[in-house]
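Values quoted throughout were computed directly from the atomic coordinates according to the rules given, and no laboratory measurement underlies them. In this text, all values refer to a predicted model and were calculated from it rather than measured experimentally.
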């Protein structure tokens, strides 16, 4: 029974070491950062157009937050 516990403990240690070492490759490389800075790669690529769209949705739906919330001001949902 004791060798089984040793194998079990070694397996847990191996999995923990693999999980900790896998985080080193996360993120863009220095030569890839120019692509990430392009406007198309941003969460809001065109902030003025997005602000105008949000204003239209807010005005038409009469709800707080524009597209962010479900339902409208008319109560027809």
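Pulled fully out, how much extra length does the chain show between residue 33 and residue 55, if you take 0.36 nm times their separation in residues and subtract their Cα-Cα distance?
Details: separation 22, 0.36 × 22 = 7.92 nm, distance 3.23 nm.
So the chain would gain 4.7 nm between residue 33 and residue 55.
Compute the length gained on full extension between residue 48 and residue 10: take 0.36 nm times their separation in residues and subtract their Cα-Cα distance, giving the result in nm to one decimal. Display every interim value, and only then the final one.
Values: separation 38, 0.36 × 38 = 13.68 nm, distance 5.61 nm.
Here the answer is 8.1 nm.
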